[in-house]
Amino acid sequence: MNSENDDVRVDPTTPPVEGRSVIGNKKIPVPKKKQPRTYRVLPRDQRNGLVIINTGDGKGKTTAALGLLLRATGRKMAVGMFQFIKSIKVAECGEHLAAARLGVSIVPLGAGCTLHHTDHTDNRSRAKSGWEICKKAIQDGEFDIIILDEFISPVNRGWIDINDIISTLSSRPKGTHVVITGRAASEQLIEAADLVTEMKVIKHPLHDSGIKAQVGIDV
Amino acid sequence: MNKIPLKEKYPLLPREERTGLLIVNTGNGKGKTTAALGVLLRAAGYDMKIAMFQFIKSSAALSNGEHIAAKELGINIIPLGDGFTWLSENIEEDKKLAEEGWKLVAPALQSDEYDVVILDELTYPLTFGWLDKNAVIQAIKNRPKGMHVIATGRNAPPELIEAADLATEMHLIKHPFREKGIGAQAGIEL
């Protein structure tokens, strides 16, 4: 092997010479050569549509759903994102602006944070009508991925019929992925899901250091 | 409708007034890299300058959805590795790649060019000893004020968590591959 080659750092963004590592011109193992072919987007009827739940007290539930939005958009998949709780007033967060640039619209369905609300009449009816919109979007098969953000709280409050949700999910068009986020997912929802991740707090900037939400990171 | 655009209500503060966070996404569950990508999307919405480096991942990853979409937003995600280590013939080579990669990452952490620097799968080179743990953490600590750094990967070393402002463990409850043998799919996992 040429030792001169070893010192040359090839630009990692250039595609590798087929079957050769970017450094040292060494042979790379066979599985890697196959990867790009295996991971093309399959036709919808050959996909395994997943129900994905991001739950837990930690950060990263909505954020990970946004990451999926980014990935899927890159794969030219149609993504629909619906946000319960979040109101139209705050619908210009970083994610909305960037998603709009990618041609994805994130639809807010709520009336803002419900933490300090005492009267939930408005929130309940918003959640109910919001679910009807989502249900239609799931059944229509227009989207490859449907994200229901902060969906779990209205479900847990009993504002949306859980049986309706479960039957809508199980009868959805084949190959449709549904992503659900929110704290404290119920057993019944977890039962219906294929992939469940709990985001656990190890350290939190607000609780541990009093650092508040920041633009570009949290909103 | 006379709503105030959020961008005007909560403008992006000048860098010296921001609190630069070190965010660590760790754990055995899914969503570590994905959540970092979500922050990338948010930050891109505010026109922040973002650099994302991926240890371990090879240039085969360039055809992944996140790379394509990020490029559309004007962000290059740079893979520094040679694929996952269990495919590797030579650990020495992986170590060398990590070191070469760090030569790209270190200047990015020092420069004031970026608002957000994402170090994807950073924990592996630290755990395997390919990079000097203390030097890496020191470099992160010495970054310009107001720069956010996100590190992802399983088994984050305690020193990294200690240095972090925000650490989240993604905990696996149910996994499509483990439970149903459903493999990775384009648009979801990559």
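Residues checked against (1) touching a residue at least 60 places away in the same chain (Cβ under 8 Å); (2) among the aliphatic types (A, V, I, L, M); (3) in contact with a Pro (Cβ under 6 Å, 6 or more places away or on another chain):
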{"position": "B:137", "(1), (2), (3)": "no, yes, no"}
{"position": "B:148", "(1), (2), (3)": "yes, no, no"}
{"position": "B:153", "(1), (2), (3)": "yes, no, no"}
{"position": "B:156", "(1), (2), (3)": "yes, yes, no"}
{"position": "B:163", "(1), (2), (3)": "yes, yes, no"}
{"position": "B:166", "(1), (2), (3)": "yes, yes, yes"}
{"position": "B:173", "(1), (2), (3)": "yes, yes, no"}
{"position": "B:179", "(1), (2), (3)": "no, no, no"}
{"position": "B:187", "(1), (2), (3)": "yes, no, no"}
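Restricting A:184, A:193 to those that are within 16 Å of the chain's Cα centre (by Cα) and not polar (S, T, N, Q) reduces the list to A:193. For the range B:147-172, a tally of residues being touching a helix residue (DSSP H, G or I) at 6+ places or on another chain (Cβ under 7 Å) and among the hydrophobic types (A, V, I, L, M, F, W, C) returns 9. The one condition from (1) at pLDDT 90 or above; (2) within 7 Å of chain B (Cβ to nearest Cβ); (3) assigned to a loop (DSSP other than H, G, I, E, B) that residue A:13 does not meet is (1).
Residues considered: B:118, B:140. Of these, the only one that is at pLDDT 95 or above and under 22 Å from residue A:56 (Cβ atoms) is B:118.
Residue pairs whose Cβ atoms lie under 7 Å apart, separated by 6 or more positions or on different chains, with the first residue in the range A:117-139 and more than 25 Å from residue A:51 (Cβ to Cβ) and the second at pLDDT 90 or above and in a helix (DSSP H, G or I), do not occur. When A:211, A:166 are checked against the criterion of being without any contact (Cβ under 8 Å) to a residue 40 or more places away in the chain and within 9 Å of another protein chain (Cβ to nearest Cβ), A:211 stands alone in meeting it.
Residue A:112 - would you say it is modelled with pLDDT under 90 and more than 17 Å from residue A:158 (Cβ to Cβ)?
Numbers: modelled with pLDDT under 90: yes; more than 17 Å from residue A:158 (Cβ to Cβ): yes.
Judged against the criteria, residue A:112 is a match.
Hey, can you tell me all the residues within the range A:154-193 that are among the hydroxyl-bearing types (Ser, Thr, Tyr), outside any loop (DSSP other than H, G, I, E, B) and under 22 Å from residue A:106 (Cβ atoms)? Give the steps one after another, and end with the answer.
Pass one, the range A:154-193, residues among the hydroxyl-bearing types (Ser, Thr, Tyr): A:167-168, A:170-171, A:176, A:181, A:186.
Now drop any that are not outside any loop (DSSP other than H, G, I, E, B), which leaves A:167-168, A:170, A:181.
Of everything in the range A:154-193, those that are among the hydroxyl-bearing types (Ser, Thr, Tyr), outside any loop (DSSP other than H, G, I, E, B) and under 22 Å from residue A:106 (Cβ atoms) turn out to be A:168, A:181.
Working only within the range A:186-203, note down all residues that are of a type outside the set (Val, Ile, Thr), touching a residue at least 40 places away in the same chain (Cβ under 8 Å) and either surrounded by fewer than 23 Cβ atoms within 10 Å (Cβ to Cβ) or at the interface with chain B (Cβ under 9 Å from one of its Cβ atoms) (or both). Steps first, answer last, please.
Of the residues in the range A:186-203, the ones of a type outside the set (Val, Ile, Thr) are A:186-189, A:191-195, A:198-200, A:203.
This time we only want the ones that are touching a residue at least 40 places away in the same chain (Cβ under 8 Å), so: A:189, A:192-195, A:198-200.
Those that are of a type outside the set (Val, Ile, Thr), touching a residue at least 40 places away in the same chain (Cβ under 8 Å) and either surrounded by fewer than 23 Cβ atoms within 10 Å (Cβ to Cβ) or at the interface with chain B (Cβ under 9 Å from one of its Cβ atoms) (or both): A:192, A:193, A:194, A:195, A:198, A:199, A:200.
The values are calculated or read from the model by the stated rules, or taken from the named source; none is laboratory data. Not measured: the values here are computed from a predicted model. Note that we place each Cβ from the backbone using ideal geometry, even for glycine, and neighbour counts take in every protein chain shown.
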